[in-house]
Amino acid sequence: MKKSKLKFKIKNLLKSTFNFLFLTYGLSKSNGFNFESGQSIVELLITIGLSAILLPALLTSMVSARQARPQQDQRLQAIGYLREAQEAVRAVRESSWSTFAVDGTYHPVINMDGTWSLASGQELINGFNFTRQIVISDVSRDSITGNIVTSGGVNDPSTKMVVSTVSWTNPLTSSVTATSYFTRYANLGYQETTFDDFVKGSTPSGSVAITNTNGGEISLGAGNGAGADWCKPGNTVLAKADLPGQGVVQSISATTSSSLDYVYTTTGGNASGDSVDEATINRVTPVPTIISNPPVASNNEAKAYGIYVDKPGGHVYFNENKPPNHTVQIADTNTLVDVGYYDSSGGGTGTSVYALNGIGYTIVGSKLYSFNVSSINGSSSQAELGSVSLAANGNRVIAIKDNSSGNTYAFVAEASSTKQLEIFQINSNGSIVTPAVAYAQIANAQQGKDIYVNNNGTRVYLVTNQYNSGQNQFFILDTSVKSGALPSPVGSFSTYNAGLSAGMNPKGITIVPGNRAIVVGNGGQQYQVYNIVQENNVTYCGGLTLTGGENINAVSSIVRGDQTAYSYILTTDTSHELQVIQGGNGAAFSFGGTYESHTFTATTEAMFNNFIVSSAVPSNASLQFKVAVKHAINNSCLGVTFADSDFVGTDGSSGTYFPATGGQLPAASSNPTGYENPGRCLKYRAYLSTSDITESPEIYDVTFNYSP
C-alpha cells in the first residue's frame, strides 16, 4: 500500500513538471507524451534524468534573458562616458603639453569656463553605477628603429600612452577600455647635409675631413677639404721618370721611411733594360721629386716579373728566369745586390711573390709554393715549406694574418673564368693546407688578374683580365668567412667608361685612403678611380687617360707617416714609365677623429625627440654619436658653453653613444649629471674610427626631430 502511494506521488510530480514544459515549449500529448498508470518504474527514472539535464539550462537562459537588456543599457552608457573622457584628454593635450604629460591616474573635470581639465584619481558617476579613470604613462621606443616597444627601449619624452576605462558591477561586472597615443602637437625638423652646413662645425680631436665630393660629407682625414682628390688624378701627376733601356715594365712595389719613398720596378719581357730598378722619392720638398733619375740602384741579371719589398732596410723579392733555376731572387733594398734565392722543386719562372712573418710565397704556373725567409741563406736555396696545385695558372699571391682567428691565409688570383680566386690556410710551420679552404666562382666574369686584400683578410678586391660587353671587371668579395664557395660579390663595376671607344682591360688594382679603389690597365681609360664607401653601390668618380695611347701595367700605393698618400704607376710611355700621383683629401686617414657640429638654436624651448643619420660605414670602420641639449641664456645660445659631460648617448649619460644610424633622445630626467632636454641649444658629436687606414666612415646627412 505504501509503495503504491509513493509511486503515485512521484508520478504526479513529474506530470506537473512536464505540463510546465509542454506549456513553455508548445508541446502536447499528441506529440507522444502521456502518463498512464501502467508505466513502469524504468520510464519514471528516465523522466527524472531528463529533468535533471533540462531544468538547469532552462532556468539559466531565463535569468540571462532577463539580465541581457539591462547589461546592454549599461554598456551603452559606459561607452558614452568613455568617449567623453577621450575628448577631455585630447582637449587638455592641445591646451598644454606640459600640463597633460604627467604620468598618473586622472578623471575629467569641466571648469567654470567650460574647458576640460584632469583631476587626480578615478571618479564614480551616475549614482555610483560607474567608475571612470584615465591613466597616463610613458612610452618607450627602440633606440634604432624608433618603433614603440613594451619592454626595454628608450623613453620617448614626446609621446604618452593614455588608457581610459569605464567599469560597472551591476547587473554583471564588466568594463570598456580605449588606448590612445598622444604626441606633442608640433613636430619640426632640422637637417645638416651640405658642405656649408658641415664646415660650420669643428674637429676638437683627431683628423677629420669635410669634403664636397657628393654635395657635402664628413670622413676621416686631415684638413677641411684642402688638398688633392683621388677622383681627379689628372690634376695631381706630380712627377715622372724614365726607366733605363727599353724593357717592358711588369710589376711595382713601394715602401716608405721617415722622409723617403722607395719604389722598385721590374722590366721583363725583352732583353733591354734592367731586371729591377730602385727609384727614391724625396717628399721633404713641397712637391715630391724623384731623386737622381732612376736607377738609384739596379739589378740586371735576367728578366724579372713579380716583385715585393717588405720594408726599408729589408729585402726585395722578385721572380726572374736566371739560370739554373732561381724562382725567387732576394736582394738588399739599398743596393739591389743579391743576398739569397729560392729554387722551387718544380722549377720554372715565377709570376708573383710575397713575404710575411718569415714565410715567402710564390706562384709558378699553376702551383703555389711557400719557403722559409726567416733568415737568408746566401749561397744556398731557401728551404721549401710547402706546395699546392691551383685550379689554373696563378697571377697574384698575397698573404694576410687574420687577427681574429690567428690564422694566416694565402689569397691567389687565378687565370680561370670559373674559379677566379682561391684561399689557402697556412700552417704555423709554413706548409699549405689542402685543398683550398675557400674560393670564388663569379658567374659571367673573365679570368682573375690581380687582387688587393685588406689588412685583416675580410675583403678581397679583384679585377679580371679582359673587358667584355655585358660583364663587370671589378669585384668586391666578402671573405669574412673563409669556407667553401664565397658568396656573390657585395659590389661590382664595369671598367667601360662612357665616351671612350672601348673598356679597359685591367692589369692591376690597389685600395687607397678615402674609400677609393684604383684600377689600371690597357685600353679605354687606363687609370680609373671608384668610390667604394658603399660596397653595394660602387660608383666611378674619375680617371686619367694617357695621351698617345700608352697603357698602365701596374700600380702601387703609399700611405706615409705624415698622412700624405700617393699612387705609383708603371706605364708603357717609354720616356715616362714611372709616374707619381697624389691623392686623397690632402692626407691619408687617421685611425680616429671627432667632429663637433655648430650650435643649432630652436625658435623656442623644445623637446628634441630623435635624430636620423645617413652614412656609410665600411667593414673595418665605426661611427658613433653623442648629443648635447642646453637651455638658452637670456633667450640666446651665444653664451652657452658645452662641456664633455653634456654630450650623452642612448641612456642619457656621457658614458654611452648613439649608433651610426642615430636614435631616440632621452629626457633630462634620465640623467642626473646635468643633461637638459627640453632645451633650445643643440650640438652633436660624431666619433669616426677605423682599423684600416684605407677605409673611413662617411656622414652625408644628420636630421633632428624636435617639438616646441
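Just a few scattered comments:
- A Förster radius of 25 Å combined with the Cβ-Cβ distance from S645 to V199 puts the calculated FRET efficiency at roughly 0.40.
- Pairwise label distance in nanometres, N377 with A91, each label 7 Å out on the Cα-Cβ vector: 9.9
- Per-pair calculated FRET efficiency, R0 = 30 Å: T150 and N187 via Cβ, rounded to 0.05: 0.80
- Residues D113 and Q133, FRET efficiency given R0 of 25 Å [Cβ-Cβ distance, rounded to 0.05]: 0.55
- Among the listed pairs K401/K507; K160/K626; K322/K419; K232/K311, those whose Cα-Cα separation exceeds 27 Å are K322/K419; K232/K311.
- Residue-span extension gain [I612 to S404] - 0.36 nm each, minus C-alpha spacing: 71.7 nm
- Annotation: aspartates and glutamates with alpha-carbon distance below 16 angstrom to K683 (same-chain offsets under eight excluded): E192, D197, E596, E605, D644, D646, D701.
- Over region 228-582 - Rg/Rh using Cα atoms and the Kirkwood inverse-distance radius: 0.94
- Taking amide hydrogens as placed 1.01 Å from N in the peptide plane, the amide H of K449 sits under 5 Å from those of V463, T464, N465, each at least 5 positions away in sequence or on another chain.
- Square roots of 5 times each gyration tensor eigenvalue, C-alpha, region 78-185, largest first, Å: 27, 18, 10
Computed from the coordinates by the stated procedures, all read-outs in this text should not be read as laboratory data. These figures come from a predicted structure and were not determined experimentally. Cβ sites come from the backbone with ideal geometry, for glycine too, and all protein chains shown count toward neighbours.
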